[in-house]
Structures are given as C-alpha cells and as structure tokens.
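Down below is the structure, laid out as structure tokens.
The values are calculated or read from the model by the stated rules, or taken from the named source; none is laboratory data. What you are looking at is a predicted structure, and each value in this text was computed from that prediction instead of being measured. As a convention, Cβ positions derive from the backbone with ideal geometry for all residues, glycine included, and neighbour counts pool all protein chains shown. Calculation scope for accessible area: heavy atoms of the full protein, side chains included, ligands and nucleic acids excluded. Shrake-Rupley method; radii C 1.70, N 1.55, O 1.52, S 1.80 Å.
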Amino acid sequence: MFEARFQTFEDASERAESADRVAALRTELKRRGLSGFVVPRADRQQNEYLPASEERLAWLTGFTGSAGAAVVLIDKAAMFVDGRYTVQADAQVDKAVFAIEHLVDMPPSQWLAKNAKAGDKIGYDPWLHTSEGVERLKQAAADAGAELVAVDSNPIDVLWRNRPAPPSGPVTLRDIKFAGESAADKLKRVRAELDRPKADVLVVSDSQNVAWTFNIRGSDIAHTPLALAFAVIPREGRPRLYVEPKKLDNAVRAALEDIADIGAPDDLTRDLAALKDKIVRLDQASAADALSRIVSEHGGKPTRAADPITLMKAVKNHAEIAGTRAAHLRDGAAVTRFLAWLDREAPKGTLTEIDAVAALESFRRDTGLLKDVSFPTISGAGPNAAIVHYRVTRDSNRKLGLNELFLIDSGAQYEDGTTDITRTVVIGEPSEEMRDRFTRVLKGHIAIATAVYPENTTGAQLDSLARVSLWQAGLDFDHGTGHGVGSYLSVHEGPARISKLGHVPLRRGMILSNEPGYYKTAAYGIRIENLVLVIAAPEPAGAERPLNAFETLTLAPIDRRLVDMRMLAAKERHWLDSYHERVREEVAPLVDQQTRTWLAAATRPL
C-alpha cells in the first residue's frame, strides 16, 4: 500500500572492507613519501549531503553519518564523530583499525598533535578543507615536529575502484513566483556588498548561494535541490557561473547567459589565476583552501570573510514566505493524515519503523507536489528514538511496541517551500516519567514559540529558554534548539541558529526550527519540532527598541496524551489550545472525514 521512493533502508556501510582499504592507503602514502593523511567528510564546497562520488570517508572507514573525519598514520588511525553519531560509529567502524574519538573533545588537530612524530609529513587534499581548518592542522603538525603537506591528487581516488560517476542531473530555473526576486536584482545587491569589506571579486563557493543568486535548482545532492556549481562575481563586469555544460539545456543556458558568462568547472582554476593584484573575497565557511592557494600563488590577494549571500538568502522575501506558508499547510495535512493512520494501526502491534517511513512519504506524495524528502526520515521506536540521528535500516528495523514512545522526524521538499517536523507519540499508555519529560520538552518548545525579544537578539541568547524546565530537573539535551531552513533549498541553512553557538542576530524573514528534546539512553527519546518565522512583534507603549517574535509555520497535532496539565502554566495551556485550534481550523478542510474526526479529538482543548 505504502512505498518509500526517496529513501532506502539498506546499510551502506562497507566496514568489512576498511582494514584492506586502510592498508592500501598506507602503501600509497609511503609511495608518495607521506606519513599520514587527513580524510574529512567533505566535498569541494563543504556540502552537508554529498554525492556518492565524494563519500571518501565512508569508503575508507565504513561510517556513513553526515559529519566526521579520519586521520590515518602509518602505525595508527582514528575516526572522529560527534555525540550524535557515537552509536552509529560503534556499529559501522572497525575498532581494530580505528580508535573512535569525539570530534569536539578530541578533534583531529588535537589528536594529530599528540600522535604524529617529529619529521612526519601529513598529507591533506586542499580541495576538501577550508583555510581555517588547514591552519589548525598545520599548527598541530608543527607542535608535533611534523609537516602538513598539500597533495596534488587525493590518494583515495587512486585506490577507489568502481567509484560512482559525478552527478549530472539537469539544472532548472526557479520560477520568479517562488523566488520573488530576479537574479539580476540579486546580483546588484551582492555587488553592493563588495565594499563591506572592500573587494574586487567575490568567489561564491557555496552551491546553495549560487542556486539562490542565479535562481537555479538541480539534483546533484540527495534531498537538496542543488546543482554543484561555483560563481565569480566581480564588482564591475559580468559574473561567471561554473557548471557542467551538459547539465544545461538550451532554454536554461539562454536564460543564464542573459545575466552571466558560463564556464565549465575546470575553467575556475584558470580564471582565479588571472586575478593578479585583485582583492578576492573567499567565504570562510565553504571556500576550499585550494582556492586561496591558487589566488595567492598567482599574485592575487585573497581575503576571508562571510559570503554576504548567506545572510541575504536566509532573510526570506514576501514570495518565499507565502510559499513556505502554503507548503506547511499542505505538509501539515499530509502529516495529520499520517498521525491519524498511525493512531489506528500502531496499537495492533504489527507496524515497524520502516512501515511508518513509507506511510508518511506516501501521504506526502498524495499531495501531487512532493519533489523529495528534505532528509532521510528519522523513525525511532522505543530505545531507537534515544539516538538523536537514528536512521532505520532493514537490520535495525523495530516494531512499534505497546506503551512505548515513537519519534518521527521528517521533512519535505516542495517547489514553494522546505519543511521539517518532529512529533513524538505514545503507543498505548505512557509512564509518569515519560509524561514528565515530554511536558518539560513542551514547556521549552512553548517558551521559544512565545518569545518576544529585541531586534539583533542572537540564537545563543534564546537557547536557554528551551532548556530551563529540563535544567530544573537536572536534565538537558545535547544538540542545538534550532537551525535555519532554506526556501526549496537545504533543510539546514546558515548563518543563524538557536543554540549555544548561535551568535548571528535573528532577522525578520528568517526561518528556523524550534526543536528541544530529551533522550534517555536505551529507553526512549522525545523531540517536538515546528518551524518558525521571525516576524515583528507588537510593541507595547513606551517601547524603546523594535521587538521581534516567532510565527509558528508547522501545522500538526502535538500528542495531548503525553502532556501533564499540572505542570503547565495558564499561558502555556492557552498556547497549546490556541495552536491546536489553529491546526484544526486550517488543516481539517484538507483531509478526509475519518482524519477530520480524529483531528477533532486530537486537538480538543486541554
């Protein structure tokens, strides 16, 4: 009945091959006169999701998570993951080959400083590291008396047999009704930013920024409609877009040539080498160290700063905001149909985590407008929900058990907007502890949703609001409270976020997630996630500065059965009842009668 077409459940890890591959890498390193090699999970543009042809870390180590790195020395090796992936790394990485280290507590640079030997030459691929990252590694090598050496070609590429071909999906034009601003007008705004600080040329190395600026989309990255591309935007003269020519049909090429010259990706190196004496701004977050090296080696003057497009892209215009509201209403109806179905079927005891993924994707496909899921669905039953970034496979697939919690974190890509929602529901009856923890998470969610704050407030200043109720019980969660979200782009978008590290001011028009949680290892996990839009808040009489607030975009019921009403203040109860009233009024006309009946009960006042 249901089918998942945009995600698979096979375990892609090749752990059994890693010992032989590491041995082959060491042989290749010795042939090149190197004592070690640093392997990040990265491509040339620091994308979060990588095409299969760029998954070097997975090929070498077996680890398939979205963040990590490895360092291979002649006599030892280490794999680095953060707290989200410790369980996954333990299952996928051969610990006889790699020591598993915490990416934050013991980053590769620190490990290298402790384990490299005097005289060692540690190789790195300058196309896969930012310059800041290289400086940290270079200092670590120097501390050990070793040397960091840039390689001309990646040794893994030499060894990787049957490596997948680079992606070659077509580039499409983004309709102005969704973009809300022409590419020509965006380019004018970008050029105006080249005076702050002064630069002659901006190199756009983030494919998301290229996509936004030129109003293009593609299919080179799973779950994110990106075309892998670079751009060079001079203060004066025509910009140049670097993209594989075979990805452009005649109509797309003609439209792009109205505003820019078109070059192949291989032309970028030549053109950067021609920027002698020019001040060339490189994005400190995504520009490969190779770009800086090419510019400086040919007499250019590279400077590192934030790409101004990143902030422009994050502040959505009227068309993008209208689009995301429409996408969230449509998505809310699909998620509500799923939750009603789940409530009927799960107590029978036959549903699995994979069944739930397939059902939810199918309800979204029924809209007729689903382009893709925005990330692989996290579908965790019982103890699996305690793994923050759990990904179900056929081997790990678990039935939804009675009197257990089930967490499902999912999202969709529609042409008018990107969604991301998490709901935690109980199958059967919850324990008192479950209700207590869920209510504390809900209180944190409501605190963010109802926050009113001065303009220029940062996410770091708001983050603690989501944690206070948990802190009062000696509890917390080890991830940020929220991340930025794109407009038919990446579900994880900078520069703003709500977290202890979120130091970018929140601006009106930004879309972020509101997703506090709680995770009890080997028992259950809880997360409640809605997307929110930064808007102007009503200003009380006598206000001395502008105020902002959040508009909740996501529309789907929150499980009332898990709420301990005794723990909620009157304002918190009012928020939940008002939210549910809005969900009922807006979603009910879009669903079938059986779902409407369920929705009426699921959203009744506390």
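Within segment 96-105, track down each residue that is open to solvent by 10 Å² or more (accessible area, probe 1.4 Å), in a loop (DSSP other than H, G, I, E, B) and modelled with pLDDT of 95 or more. Those that are open to solvent by 10 Å² or more (accessible area, probe 1.4 Å), in a loop (DSSP other than H, G, I, E, B) and modelled with pLDDT of 95 or more: A96, V97.
Restricted to segment 287-346, the set of helices (runs of 4 or more DSSP H) holding at least 3 residues that are of a type in the set (V, I, T) and over 23 Å from L187 (Cα atoms) comprises 318-345. Taken over segment 129-156, the criterion of being part of a helix (DSSP H, G or I), closer than 29 Å to Q208 by Cα and open to solvent by less than 50 Å² (accessible area, probe 1.4 Å) is satisfied by S131, G133, V134, L137, P155, I156. Within segment 171-200, the set of residues being touching a helix residue (DSSP H, G or I) at 6+ places or on another chain (Cβ under 9 Å), surrounded by 12 or more Cβ atoms within 10 Å (Cβ to Cβ) and closer than 30 Å to G300 by Cα comprises A183, K186, L187, R189, V190, E193, L194. Selection over segment 222-236 of residues that are over 13 Å from S207 (Cβ atoms), in a loop (DSSP other than H, G, I, E, B) and open to solvent by less than 50 Å² (accessible area, probe 1.4 Å) gives a count of 1.
When we screen A16, A12 for residues that are in contact with an Asp or Glu (Cβ under 9 Å, 6 or more places away or on another chain), surrounded by fewer than 16 Cβ atoms within 10 Å (Cβ to Cβ) and closer than 30 Å to N209 by Cβ, the only hit is A12. Among the criteria (1) over 19 Å from L128 (Cα atoms); (2) open to solvent by less than 10 Å² (accessible area, probe 1.4 Å); (3) hydrophobic (A, V, I, L, M, F, W, C), the one V203 does not fulfil is (1).
Within segment 77-93, can one find any residue that is open to solvent by 50 Å² or more (accessible area, probe 1.4 Å), assigned to a strand (DSSP E or B) and at pLDDT 95 or above? No; the residues of segment 77-93 include none that is open to solvent by 50 Å² or more (accessible area, probe 1.4 Å), assigned to a strand (DSSP E or B) and at pLDDT 95 or above. Per this entry, G382 is counted among residues that are in contact (Cβ under 8 Å) with a residue 40 or more places away in the chain and farther than 20 Å from H492 by Cβ. Within segment 563-572, does at least one residue satisfy the condition of being within 22 Å of A327 (Cβ to Cβ) and touching a helix residue (DSSP H, G or I) at 6+ places or on another chain (Cβ under 6 Å)? Within segment 563-572, none of the residues are within 22 Å of A327 (Cβ to Cβ) and touching a helix residue (DSSP H, G or I) at 6+ places or on another chain (Cβ under 6 Å). Specify the residue that is surrounded by the most Cβ atoms within 10 Å (Cβ to Cβ); the eligible residues are those in segment 466-485 that are in contact with a strand residue (DSSP E or B) (Cβ under 9 Å, 6 or more places away or on another chain) and assigned to a helix (DSSP H, G or I). Only one residue fits best here, namely A466.
Listed by first and then second residue, the pairs with beta-carbon distance under 7 Å, at least 6 apart or on different chains, first residue in segment 284-298 and within 20 Å of N209 (Cβ to Cβ), second assigned to a helix (DSSP H, G or I) and open to solvent by 20 Å² or more (accessible area, probe 1.4 Å), are Q284/E132; I294/T269; I294/A273.
Among the residues of segment 36-54, those that are open to solvent by 10 Å² or more (accessible area, probe 1.4 Å) and either hydroxyl-bearing (S, T, Y) or without any contact (Cβ under 8 Å) to a residue 60 or more places away in the chain (or both) comprise R41, Y49, E54. When V468, V426 are screened for being aliphatic (A, V, I, L, M) and in contact with a Leu (Cβ under 6 Å, 6 or more places away or on another chain), only V426 passes. Please specify each residue of segment 10-40 satisfying the condition of being in a loop (DSSP other than H, G, I, E, B) and under 33 Å from the mean Cα position of the chain (by Cα). Of everything in segment 10-40, those that are in a loop (DSSP other than H, G, I, E, B) and under 33 Å from the mean Cα position of the chain (by Cα) turn out to be E10, D11, A12, S13, E14. For segment 410-427, the criterion of being open to solvent by less than 50 Å² (accessible area, probe 1.4 Å), of a type in the set (D, E) and assigned to a strand (DSSP E or B) is satisfied by no residue at all. Taking first residues from segment 560-573 that are touching a residue at least 12 places away in the same chain (Cβ under 8 Å) and partners that are part of a loop (DSSP other than H, G, I, E, B) and open to solvent by less than 40 Å² (accessible area, probe 1.4 Å), the Cβ contacts under 6 Å between residues at least 6 apart in sequence or on separate chains come to L562/P430. Of all the listed residues (L553, L568, L562), the sole one being out of contact with any strand residue (DSSP E or B) (no Cβ under 9 Å at 6 or more places or on another chain) and buried (at least 18 other Cβ atoms within 10 Å of the Cβ) is L568.
Within segment 486-529, the residues that satisfy the criterion of being hydroxyl-bearing (S, T, Y) and crowded, with 20+ Cβ neighbours inside 10 Å are S487, Y488, S490, S513, Y518, Y519, Y524. Inspection of segment 391-407 finds no residue satisfying the criterion of being at pLDDT 95 or above, under 16 Å from A556 (Cβ atoms) and not in a strand (DSSP E or B).
Scan segment 574-606 for residues that are under 25 Å from G428 (Cα atoms), of a type in the set (G, A, S) and without any contact (Cβ under 8 Å) to a residue 12 or more places away in the chain and the total you get is 1. In a residue-by-residue description of segment 114-128, the property of being open to solvent by 10 Å² or more (accessible area, probe 1.4 Å), touching a Leu at 6+ places or on another chain (Cβ under 8 Å), of a type outside the set (S, T, N, Q) and not in a loop (DSSP other than H, G, I, E, B) applies to at least one position. For segment 314-338, residues that are touching a helix residue (DSSP H, G or I) at 6+ places or on another chain (Cβ under 9 Å), surrounded by fewer than 22 Cβ atoms within 10 Å (Cβ to Cβ) and of a type outside the set (G, A, S) total 2.
Yes or no, residue by residue, for (1) closer than 30 Å to W341 by Cβ; (2) touching a helix residue (DSSP H, G or I) at 6+ places or on another chain (Cβ under 7 Å); (3) of a type outside the set (G, A, S); (4) assigned to a loop (DSSP other than H, G, I, E, B):
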{"residue": "A447", "(1), (2), (3), (4)": "no, yes, no, no"}
{"residue": "Y453", "(1), (2), (3), (4)": "no, yes, yes, no"}
{"residue": "S464", "(1), (2), (3), (4)": "no, no, no, no"}
{"residue": "S487", "(1), (2), (3), (4)": "yes, yes, no, yes"}
{"residue": "K500", "(1), (2), (3), (4)": "no, yes, yes, yes"}
{"residue": "R508", "(1), (2), (3), (4)": "no, no, yes, yes"}
